[in-house]
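Here is the structure we will look at, set down as structure tokens.
The values are calculated or read from the model by the stated rules, or taken from the named source; none is laboratory data. Bear in mind the structure is a predicted one, so any value in this text is a computation, not a measurement. Neighbour counts are summed over all protein chains in view; Cβ atoms, including those assigned to glycine, are modelled from backbone coordinates with ideal geometry. These accessible areas exclude ligands, DNA and RNA; they are computed on the full protein's heavy atoms, side chains included. Shrake-Rupley method; radii C 1.70, N 1.55, O 1.52, S 1.80 Å.
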Amino acid sequence: MLGSLGIPELLLILVVAMLIFGAGKLPEIGRSLGRGINEFKSAVSNDGEETKELKAKPPVKGDTQGDAPSKDN
């Protein structure tokens, strides 16, 4: 279905995106899309190593907001 996209179709999509977002916003949108894809790839390829690491370490006192003393006291 999506494999049949050619150069004319991609150019049409680019022109429509430029009309909607403006030429100045497209690089920013592309960068954030690329970062999101990279973060997703690293999270998927991580296979839960980060969660295992977090479970192994005990929480440090004062890390959560509930442990912090309030200024009102």
Original post:
Pairs under 6 Å by beta carbon, first residue farther than 18 Å from I13 by Cα and open to solvent by 70 Å² or more (accessible area, probe 1.4 Å) in the stretch 24-47, partner small (G, A, S) and assigned to a helix (DSSP H, G or I), six or more apart or different chains?
Top reply: none
Original post:
Which of (1) loosely packed, with under 10 Cβ neighbours inside 10 Å; (2) at pLDDT 65 or above; (3) β-branched (V, I, T) does V60 not meet, given it meets every other one?
Top reply: (2)
